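**Student:** If you scroll down you'll find the structure; I have some questions about it.
Just so you know, all these numbers are worked out from the coordinates, no wet-lab data involved. Since the model is a prediction, treat every value here as computed from it, not as a measurement. Don't worry about glycine lacking a Cβ; one is built from the backbone with ideal geometry, like all the others, and counts go over all protein chains shown.
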Amino acid sequence: MHWNYDWGMGAGFGWLLMLIFWILIVLGAVYLIKLIAGGEKRTTGETALDILKKRYAKGEISKEEFEEKKKTLE
């Protein structure tokens, strides 16, 4: 007796499952590439004024510099 395995269980949807598998692989690769390449673009949510205030608090800039830069930002 000869069994035809080409038309076994799930043969009608085998191509669809393979297509979904490859789409998921490609989307996963694209996501990883974007995650790696876009990692430098992430922001901490700090505004320029927040950074300026921190620099002033650390003593990196004088009060005059702080006021001048603050006016520029506003």
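**Student:** Using a Cα-Cα cut-off of under 29 Å, which lysines could be cross-linked to residue 54, ignoring same-chain neighbours fewer than 8 residues away?
**Tutor:** The reachable lysines, counting only those whose Cα sits under 29 Å from residue 54, are 41, 63, 69, 70, 71.
**Student:** With the crude spin-label approximation of a point 7 Å out along Cα→Cβ, what separation in nm comes out for residue 13 versus residue 61?
**Tutor:** Label-label distance for residue 13 and residue 61, simple model: 6.2 nm.
**Student:** At a Förster distance of 35 Å, what's the computed FRET efficiency of residue 72 paired with residue 23, Cβ-Cβ distance as r, to 0.05?
**Tutor:** So, using R0 = 35 Å, E works out to roughly 0.10.
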